[in-house]
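Notes follow once the structure below has been shown.
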Amino acid sequence: MNFLRGGKSVINIYDNAEKAMANKALQMNLKKATATAILKRNEAAAISETFENSRDAAINSRDMSIPRLRELLDEFIANAEKNGVRTFVFDDYEGVRAKIAQIIKSRGADFIVKSKSMLTEEIELNGYLKENGIEPVETDLGEFIVSIAGEKPSHLTAPALHKSRKEIAKLFNEKLGMPYSEDVEELCYFARRYLREKFMNAKVGITGANFAVADSGLVAVVENEANARLAINLPKTHIAVFGVEKIVGKLTELPHFLNVLSKSATGQLLNAYTSVVGAPDENKERFFIIVTKKRFEIAADEVFSEALRCVRCGACQNICPVFQRLSGHGYEFTYAGPIGTVLAPFFLGYRKCMQLIDASSLCGFCKSICPMKINLPGLILEHRFRCGADPAAGKTLYRRVKKIFSLGHSLVMSNNYLSTAVAPLARLYFAAARKISGKNYIPLWSRFSKRDFMGLSGKTFMERYFKK
């Protein structure tokens, strides 16, 4: 019954899941990419003698910094400005976008080179720049691929994880005029030549920041392609855009974060390039633009504040059975997977996220693999409780039906006599359903309408026991 799905007012997980599951190529790409990522992560963590110690140190650092975010923000700004960096803080997306566009235009630039940044995806910077006559050129290979495809990133660290080599070869051929080739080296070399010209002529470069250090006013940018390093150093103007949650207290804490990030994100002992950026070079300028939207609200929440420990490694996405089939696009939010499910209600509200917070098996794999040990299943469950009590979520038909099913299931399963009495009726229902459709299904709720349930046994255990 499609009217239960909520229409465009909600993130329609069930429709998105059906489309994703029907795409066999997507399923194959996701399965291969996530399995490889998990294997590499586990191997890197296993051979590292310092991983667990760094993990604990990074968690301790975050737990110390989150309650002090406002204080650390002030300290970071003071030290960054001592280094000659101009800093701006915004709580709204429009202000961030407008400031960035103003800086770019005042430098006479009609295009910018840009490294991968989830924060710029969050504020929808690329679309805004295009509307204002500025071409954003993505220089991370994965981001470059999805940008010319007209898509959004589908993963925190692997934006083109959902695409195969054949799809990329076809894309380069159709969009960029490259002779068709599925050879990985040729594809990479073509992209490199295309982007190198952009780098050499860019007046402004934009990057994100993986971490910002309060006691020194520095930011750290971690990567594997050197494109961020080029975006930082070649243009005359560099803009780093990041969320306030990226701030850590001391420079001595940074190595612990770099240690856990490299292994959890890409399965490397250490990332290829780590740029620690402070004072601009002579005749150059640097801006740090810090976004606080919803961050202080999350930090003040006694339950959800631990979500700000996240280092955006993507490990929870790789291991999540829902993400492995849905892909990042199915979440309709910048941050997909378990961590996205935790963050989305703060930014979008429970009414829009009522299906999203149900899109988790609560299996606990994400909690076990998270380098910062965030209790992701527990936080998702807490959202379900809060959504049920939130008047702003509205008394939608979806919520009413969900509540009826939940209460009915709880009532039947908690009462042995009632479950015994209902079992024969359930057997008759499933027998009729299988005769009509060939499946054991529940047609009253679209969440289950296409699933084939295991049929009920002809007799209960107690019936068999007493018969003997």
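The values are calculated or read from the model by the stated rules, or taken from the named source; none is laboratory data. Since the model is a prediction, treat every value here as computed from it, not as a measurement. Positions of Cβ are generated from backbone atoms using ideal geometry, with glycine treated the same way; all protein chains shown enter the neighbour counts.
Values for this structure:
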item: In the stretch 130-169, the residues that are part of a loop (DSSP other than H, G, I, E, B), more than 24 Å from Lys24 (Cα to Cα) and acidic (Asp, Glu); result: Asp140
item: Verdict on Glu122 being crowded, with 22+ Cβ neighbours inside 10 Å and either in contact with a Ser or Thr (Cβ under 7 Å, 6 or more places away or on another chain) or small (Gly, Ala, Ser) (or both); result: no
item: Unique match (being among the charged types (D, E, K, R), under 27 Å from Tyr93 (Cβ atoms) and at pLDDT below 95) among Lys439, Lys395, Lys402, Lys352; result: Lys352
item: Exclusive hit being in the same structural domain as Glu138 (by TED's automatic domain parsing), among the aromatic types (Phe, Trp, Tyr) and in contact (Cβ under 8 Å) with a residue 12 or more places away in the chain, set Phe323, Phe304, Phe242; result: Phe242
item: Restricting the stretch 24-78 to residues that are acidic (Asp, Glu) and closer than 30 Å to Ile298 by Cβ, the residue that is surrounded by the most Cβ atoms within 10 Å (Cβ to Cβ); result: Glu75
item: Scan of the stretch 70-117 for residues that are among the basic types (Lys, Arg) and in contact with a helix residue (DSSP H, G or I) (Cβ under 6 Å, 6 or more places away or on another chain), ordered by number; result: Arg97, Lys116
item: Tally of residues being touching a Phe, Trp or Tyr at 6+ places or on another chain (Cβ under 9 Å) and at pLDDT 95 or above across the stretch 378-390; result: 3
item: Which numbered condition Leu308 fails, given (1) assigned to a helix (DSSP H, G or I); (2) within 21 Å of Ile13 (Cα to Cα); result: (2)
item: Strands (runs of 3 or more DSSP E) enclosed by the stretch 207-300 - at least 3 residues per element that are surrounded by fewer than 20 Cβ atoms within 10 Å (Cβ to Cβ); result: 273-277
